[in-house]
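A.B. asks: Structure below; questions to follow.
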Amino acid sequence: MTAEQNGNIAATHIYEDCPELREVDDIIENCFLKGDFATCFRRMMKLALTGYPLAECQVGWFYIHGYGAEANPRKARYWLKRALKHGDPDAEENLREINETGEL
């Protein structure tokens, strides 16, 4: 399955092509889709720390669901708010997911 088939195609239409977007696609295809969640999380975190909003949103989502790191709603909220501040359109929906689960 490619990143596009996994729903990452939406990000491709929202974000302009750039090295960071290609890195996110590579991480999804070569780590997440292969079940290597620890490597996926580590690589995505490294990119998120640079301030790339899509990576920040992904890190938040990983913290919601416990992919590559222990589920942590507080950390998820931090990363999703950061992504939202930097313009990621999916961050708001992911924040709603946390609120709906009642974890915070």
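A.B. asks: Under the condition of being of a type in the set (S, T, N, Q) and in contact with a Phe, Trp or Tyr (Cβ under 8 Å, 6 or more places away or on another chain), which residue from segment 45-104 is nearest to Asp17 (Cα to Cα)?
C.D. replies: Asn94
A.B. asks: Tally up the residues in segment 37-73 that are part of a loop (DSSP other than H, G, I, E, B), farther than 17 Å from Asp88 by Cα and touching a helix residue (DSSP H, G or I) at 6+ places or on another chain (Cβ under 8 Å), please. Show your work before the answer.
C.D. replies: Step one: filter segment 37-73 for residues part of a loop (DSSP other than H, G, I, E, B), giving 49-52, 66-72.
From what's left, farther than 17 Å from Asp88 by Cα: 66-72.
Filter again for touching a helix residue (DSSP H, G or I) at 6+ places or on another chain (Cβ under 8 Å), leaving 67-69, 71-72.
Residues in segment 37-73 being part of a loop (DSSP other than H, G, I, E, B), farther than 17 Å from Asp88 by Cα and touching a helix residue (DSSP H, G or I) at 6+ places or on another chain (Cβ under 8 Å): 5 in total.
A.B. asks: Also: Identify the single condition in (1) at positive phi; (2) at pLDDT below 95 that Ala3 does not satisfy, given that it satisfies every other one.
C.D. replies: The single condition Ala3 does not satisfy is (1).
A.B. asks: Of the residues in segment 77-104, how many are within 24 Å of Tyr15 (Cα to Cα), at pLDDT below 95 and among the small types (Gly, Ala, Ser)?
C.D. replies: 2
A.B. asks: Check segment 75-82 and report whether any residue there is in a helix (DSSP H, G or I) and touching a Cys at 6+ places or on another chain (Cβ under 8 Å). Walk me through how you get there before you give the answer.
C.D. replies: Initial filter on segment 75-82 (in a helix (DSSP H, G or I)): 75-82.
From what's left, touching a Cys at 6+ places or on another chain (Cβ under 8 Å): 79-80.
Taking every residue of segment 75-82 in turn, at least one turns out to be in a helix (DSSP H, G or I) and touching a Cys at 6+ places or on another chain (Cβ under 8 Å).
A.B. asks: Starting from residues that are of a type in the set (Asp, Glu) and closer than 22 Å to Asn30 by Cα, keep the ones in segment 41-89 and report whichever is surrounded by the fewest Cβ atoms within 10 Å (Cβ to Cβ).
C.D. replies: As a first pass, look at segment 41-89 and keep what is of a type in the set (Asp, Glu): 56, 70, 88.
Those still in the list that are closer than 22 Å to Asn30 by Cα too: 56, 70.
Working: Glu56: 28, Glu70: 7.
Of everything passing the filter in segment 41-89, Glu70 is surrounded by the fewest Cβ atoms within 10 Å (Cβ to Cβ).
The values are calculated or read from the model by the stated rules, or taken from the named source; none is laboratory data. Quick caveat, the model's predicted, so the values are computed rather than measured. As a convention, Cβ positions derive from the backbone with ideal geometry for all residues, glycine included, and neighbour counts pool all protein chains shown.
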